[in-house]
Amino acid sequence: MAERASLALNTTTTTMASSLRTQVSASRLLRFSSSGSKLSIPSSSLSFTRSLVSSPLLTQKRCQAALVNRSFSSAATTHCTAATDPEQLKSAREDIKELLNTKFCHPILVRLGWHDAGTYNKNISGWPQRGGANGSLRYEIELKHAANAGLVNALNLIKHIKDMYSGISYADLFQLASATAIEEAGGPKIPMKYGRVDTSGPHECPEEGRLPDAGPPSPANHLREVFYRMGLDDKDIVALSGAHTLGRSRPERSGWGKPETKYTKEGPGAPGGQSWTPEWLKFDNSYITEIKEKRDEDLLVLPTDAAIFEDPSFKVYAEKYAADQDAFFKDYAESHAKLSNLGAKFNPPEGIII
């Protein structure tokens, strides 16, 4: 990947801010022509509860995680304690949109933000031991967790954006990418705030095992055990499960899904895998309606997916969202924002709105 100079922004001077925006606009045109071909197209487009699987492929997954870009890992040792720069956030959001339009990586960017935040334990008060949205997923030790197989591709995809904007923490970049991917896929606008502080090193990564499994013996109980630990409730579980409207499962990574279906054999991006919905790059309520109908064998339904209509409490929300996409969008946006803030330490404490 071509070397890029990080841009520093002085927000106190209007002239300098204007100059930087001009430089950023020019750099966007150069960046994709000079280095776009070197970005890895994500071979996995998995979303949250599906991808969190323990399987015999653990050794293979860990070897793959070890291939994480060395310069990314090296840069990740910096401890970001300053507030994220709002102007850089706005520019980075535009760069993420360009990335989405060229690499069709919406699902894996959603997964990146969720897996960084989803390690939160409400029963641990100390930061960063409590886990959550703190950027720790950039370290190889956490990437080796079985649930994070393939996320090295997401890191490589956004590395050039992080290189450009030194005033954005990794934690914020992960959550910005996740929310932008939802919105650009046709989903609701997520009420986000920024200013998350990063962990300082791999010694601050959470232990493995905090993320949910896709095929536990008792799916509904398992989902509640994991999500209740985060401080989320049944509505959040069903609403967030709805993000499976995006993405595919690849059996070589997770042990779940078909190698290819009529919906995935031609991509976009790397072909293959099994999706939950026919239009797996479009955010809508079709995941929920497809599970309810169970009419297409080429569409994936995991044990944790089926649970949203099998469990009486989950079913109340699933039926609501199947019948009313606007209601789903409203609840999903609230739950996504809640998830993205879990465990985060903000500077300034009230956060930054862009």
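Per-structure values
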quantity: For region 219-335: accessible area per residue (Å², 1.4 Å); calculated: 40
quantity: Where labels lie 7 Å past Cα in the beta-carbon direction, separation of A306 and E207 in nm; calculated: 3.2
quantity: Phi-based couplings in Hz for region 269-280 (Karplus 6.51, -1.76, 1.60; Gly and Pro marked x); calculated: x, 5, x, x, x, 10, 9, 8, 9, x, 9, 7
quantity: Net charge dipole size for region 247-323 [Lys, Arg +1 and Asp, Glu -1 on Cβ; Debye, nearest 20]; calculated: 120
quantity: Rg ratio (alpha-carbon, reference 2.2 N^0.38 Å) - region 225-354; calculated: 1.15
quantity: Under-5 Å amide H pairs with S275, H placed in peptide plane, nonlocal only; calculated: S249, L300
quantity: Gain on full stretching of the segment that runs from E319 to K265 - 0.36 nm per residue minus C-alpha separation; calculated: 16.3 nm
quantity: Over 18 Å between alpha carbons, listed pairs K258/K294; K292/K338; K262/K315; K294/K330; K258/K315; calculated: K292/K338; K262/K315; K294/K330; K258/K315
quantity: Contour excess over end-to-end distance, with Cα ends at K122 and K292 and 0.36 nm allotted per residue; calculated: 58.0 nm
quantity: Table column - 3J(HN,Hα) (Hz), region 309-326, Karplus curve with 6.51, -1.76, 1.60, x for Gly and Pro; calculated: 9, 8, 7, x, 5, 4, 4, 4, 6, 4, 5, 4, 6, 5, 8, 9, 5, 4
quantity: Under 5 Å, built H, 5+ apart or other chain: amide partners of Y194; calculated: I352, I353
quantity: Segment I353-K90, length gained on full extension (0.36 nm per residue, minus Cα span); calculated: 93.7 nm
quantity: Computed FRET value (nearest 0.05) for E225 with K189, which takes r as the C-beta separation and R₀ as 30 Å; calculated: 0.45
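The values are calculated or read from the model by the stated rules, or taken from the named source; none is laboratory data. Only a predicted model underlies this, so the values are computations on that prediction, with no experimental measurement involved. Please note: Cβ atoms are built from the backbone with ideal geometry, for glycine as well, and neighbour counts cover all protein chains shown. When the accessible area is computed, the model is the full protein with side chains, heavy atoms only, and any ligands, DNA or RNA have been set aside. Shrake-Rupley method; radii C 1.70, N 1.55, O 1.52, S 1.80 Å.
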